[in-house]
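The values are calculated or read from the model by the stated rules, or taken from the named source; none is laboratory data. From a predicted model like this one, the values you see are computed outputs, not experimental measurements. Glycine gets a Cβ as well: all are built from the backbone with ideal geometry, and neighbour counts include every protein chain shown.
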Amino acid sequence: MMKLVECVPNFSEGRDMAKIDQITNEIGSTEGAELLDVDPGKDTNRTVVTFVGTPEAVIEAAFRAIAKAAEVLDMSKHHGAHARMGATDVCPFVPVSGVTMEDCAGFARTLGARVGDELGIPVYLYEAAAMKPERRNLAAVRSGEYEALPEKLTKPEWKPDFGPATFNARAGATVIGAREFLIAYNINLNTRDRSIARDIAFTIREKGRLKRDVSGKVVRDKNGKALRAPGLFKECKAVGWYIEDFGRAQISMNLTNYKMTSPHAVFDECCRLASEHGVRVTGSELVGLIPLQAMIEAGRHYLRKQGKTTGVPDAELIHIAVLSMGLDDLYAFEPDKKIIEYQVKRKSMLASMKVDDFSDLLSTDAPAPGGGSVAALCGALSGALSSMVASLTHGKKGYEETFDEMEKIGVEGQTLKDEFLADVDRDTDAFNRVMDAMRMPKKTDEEKAARQAAIEEATREATLVPLGVLRRTGNAAALARRVAVKGNRNSVSDAGVAALTARAAAEGAYLNVRINLPGIEDETFKKETIEKAESIRTEVVTHTEETIELVEKTLAGAE
């Protein structure tokens, strides 16, 4: 899985586009970082920037942007409606895929240390990155704003987590942290009545509504503070309003942790509540981006409700999610533009080529793609076939006892398919890195040493990629056997082909491991790698032979 991190820095400038462009150009020019959105606000005099990329690229891009903001902005002259403390006011890291919240907290601390040491800016850590409980809340850290910093920095309890405890008049202070992905999500009603939307919003949001007695008066505690009845969903902020452009009321919400409260869970509950009010939900709207996993989970949720298998491709899960939640009610839902991972999807991937184009390229004298990519492709076909057999078994009369297992196999097969497809490109990328290392200069002793080290590292990586393919073929062969044993009898030949393509993938990956080993000087690595490769290959061959024998017997009995 691709390691992908979102970063949403807020800069204290929303009016001078020349300065904003200077800051965002630092992000856009950082290799591996993808600038997704720049949202300046004149009244707030603040710009919210969204970009994504690999952890290393995001940390580097964030540092460059913070450095540029400190150079071109002057907080002593800043005025705006939004609370702020520095030229770069806040800079949160958000896990998207392949990284955890703990990872993002670490990224925030890495960036914070660098900003403090190299730029001399006081840095406070907040939310998941906070090193002190009282600093988790951004509002608490930012209390008093920029104007309070000179005195605040003299107090021991407000010593920065990184950087000097001295007032930086030009840059102020920066708050860096880690938080979950925020999904801005709206649900549409077939009514103009805003009060219905508000009532539903009060019911679902975490904050809930004011408690009232039988006479309608607000209930208060002994200190006169109004009491609240909590809402149904944690990490949900919601309001109800009327959208004149579309002639309908809408429940507008921010889901601040979709792993705790998902869009599909809120959608289903709003449908139920709307019915109680005599209205209906017509669909919903996604404002901004959404993580792929949220869409996948929604698709699986609605397929389960239909009694269908969830072992289908991501594209189908997304299609079901869009249909079920009416995400195209107001606008066309375009996955490539709305799903954050798809925004940074690699262009011109081998795995996304048409079969004939891939085969044509493969047949030329181009050194890549080659046997390693083809081995990975065989693995993908094996996983896909096993998933297909599982899907043809799930829900079919006479196979009721296998439904749960076929559901799991289908999902596992889809996951394997996607991993193998990624390997198609990984193998070619690894080969290209070896070639790049070979082309390094070698005139001086220093250049020769650097070149040899680069070749060794690239060749090691070019060996580990097919070894990873080989490891996965063990799982692919096991899946093929399971569907051959318990799957739909009418698809047993497909199970056999799944087993054979798993073996082809294993044999091909094994050969690619072997051909790379002579170029590595580390004898321990070579010995351990070949032992692993031979063990896995033997296991896959044995598994495949047993599966084919079973398939042959089944076919013979059907004749």
- Query: List, please: which pairs have Cβ atoms under 7 Å, are six or more places apart or on different chains, and start with a residue in segment 406-419 that is closer than 13 Å to Ala478 by Cα and outside the structural domain of His394 (by TED's automatic domain parsing) and end with one that is among the basic types (Lys, Arg) and outside any helix (DSSP H, G or I)?
  - Reply: none
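A quick yes/no check of all residues on (1) modelled with pLDDT of 95 or more; (2) under 23 Å from Val485 (Cβ atoms); (3) of a type in the set (D, E, K, R):
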residue	(1), (2), (3)
Ala505	yes, yes, no
Asn516	no, no, no
Gly519	no, no, no
Asp522	no, no, yes
Lys526	no, no, yes
Glu539	no, yes, yes
Thr542	no, yes, no
Ala558	no, yes, no
- Message: Need pairs with beta-carbon distance below 8 Å; first residue at pLDDT below 95 and within segment 263-285, second part of a loop (DSSP other than H, G, I, E, B); sequence gap 6+ or separate chains.
- Response: Glu285/Leu327; Glu285/Asp329; Glu285/Leu330; Glu285/Tyr331
- Collect the residues in segment 498-519 that are over 16 Å from Val541 (Cβ atoms) and surrounded by 20 or more Cβ atoms within 10 Å (Cβ to Cβ), keeping them in residue-number order. Asn512, Asn516
- Item | Tally of residues being β-branched (Val, Ile, Thr) and surrounded by 19 or more Cβ atoms within 10 Å (Cβ to Cβ) across segment 188-233 | 5
- Item | Count - residues of segment 492-533 that are within 35 Å of the chain's Cα centre (by Cα) and in contact (Cβ under 8 Å) with a residue 24 or more places away in the chain | 27
- Task: Enumerate the pairs (first residue in segment 163-177 and farther than 17 Å from Pro9 by Cβ; second residue anywhere and in a loop (DSSP other than H, G, I, E, B) and charged (D, E, K, R)) with beta-carbon separation below 7 Å, excluding pairs fewer than 6 apart on the same chain, so at least 6 apart or on different chains.
- Result: Ala165/Lys159; Arg170/Asp74
- Query: Out of all the residues in segment 106-126, which are in contact with a helix residue (DSSP H, G or I) (Cβ under 7 Å, 6 or more places away or on another chain), within 21 Å of Val5 (Cβ to Cβ) and crowded, with 22+ Cβ neighbours inside 10 Å?
  - Reply: Phe107, Leu111, Val115, Val123, Tyr124, Leu125, Tyr126
- Query: Identify, please: which residue in segment 164-202 is of a type in the set (Val, Ile, Thr) and in contact with a strand residue (DSSP E or B) (Cβ under 7 Å, 6 or more places away or on another chain) and is, among those, farthest from Leu255 (Cα to Cα)?
  - Reply: Thr174
- Message: Tell me yes or no: at least one residue of segment 541-558 is assigned to a helix (DSSP H, G or I) and within 26 Å of Ala368 (Cα to Cα).
- Response: no
- Query: Considering only residues of segment 253-272 that are part of a loop (DSSP other than H, G, I, E, B) and surrounded by fewer than 17 Cβ atoms within 10 Å (Cβ to Cβ), which is farthest from the chain's Cα centre (by Cα)?
  - Reply: Met260
- Message: Which numbered condition in (1) out of contact with any Pro (no Cβ under 8 Å at 6 or more places or on another chain); (2) more than 21 Å from Val344 (Cα to Cα) is the only one that Glu56 fails?
- Response: (2)
- Just one of (1) surrounded by fewer than 22 Cβ atoms within 10 Å (Cβ to Cβ); (2) in a helix (DSSP H, G or I) trips up Ile23, so point out which. (1)
- Item | Tyr185 vs. criteria aromatic (Phe, Trp, Tyr), part of a strand (DSSP E or B) and buried (at least 18 other Cβ atoms within 10 Å of the Cβ) | yes
- Reported set for segment 328-354 where residues are buried (at least 16 other Cβ atoms within 10 Å of the Cβ), out of contact with any Pro (no Cβ under 9 Å at 6 or more places or on another chain) and without any contact (Cβ under 8 Å) to a residue 60 or more places away in the chain is Phe333, Pro335, Lys338, Met353
- Note on the structure: Residue pairs qualifying under the 8 Å Cβ cut-off, at least six apart or on distinct chains, with the first in segment 43-64 being closer than 15 Å to Ala105 by Cα and the second being polar (S, T, N, Q) and modelled with pLDDT of 95 or more, are Ile59/Thr110
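For (1) part of a helix (DSSP H, G or I); (2) crowded, with 19+ Cβ neighbours inside 10 Å; (3) small (Gly, Ala, Ser), each residue gets a yes or a no:
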| position | (1), (2), (3) |
| --- | --- |
| Gly278 | no, no, yes |
| Leu303 | yes, yes, no |
| Gly311 | no, yes, yes |
| Ile318 | yes, yes, no |
| Leu323 | yes, no, no |
- Query: When you scan segment 43-149 for helices (runs of 4 or more DSSP H) that lie fully inside it, which ones turn up with 2 or more residues that are assigned by TED's automatic domain parsing to the domain that holds Met295?
  - Reply: none
- Hey, could you check segment 151-175 for residues that are under 11 Å from Pro122 (Cβ atoms) and not in a loop (DSSP other than H, G, I, E, B) and say which is nearest to the chain's Cα centre (by Cα)? Val175
- Could you tell me whether any residue of segment 268-283 is in contact with a helix residue (DSSP H, G or I) (Cβ under 8 Å, 6 or more places away or on another chain) and closer than 20 Å to Lys337 by Cβ? yes
- Checking Ala450 against (1) hydrophobic (A, V, I, L, M, F, W, C); (2) surrounded by fewer than 16 Cβ atoms within 10 Å (Cβ to Cβ); (3) in contact (Cβ under 8 Å) with a residue 12 or more places away in the chain, which single condition isn't satisfied? (3)
- Query: For segment 522-543, does any single residue satisfy the condition of being surrounded by fewer than 14 Cβ atoms within 10 Å (Cβ to Cβ) and more than 30 Å from Glu457 (Cβ to Cβ)?
  - Reply: yes
- Message: Can you list residue pairs whose Cβ atoms sit under 8 Å apart, with the first residue in segment 375-396 being free of Cβ contacts under 8 Å to residues at least 40 places away in the same chain and in the same structural domain as Asp427 (by TED's automatic domain parsing) and the second being assigned to a loop (DSSP other than H, G, I, E, B) and surrounded by fewer than 23 Cβ atoms within 10 Å (Cβ to Cβ)? Count only pairs 6 or more apart in sequence or on different chains.
- Response: none
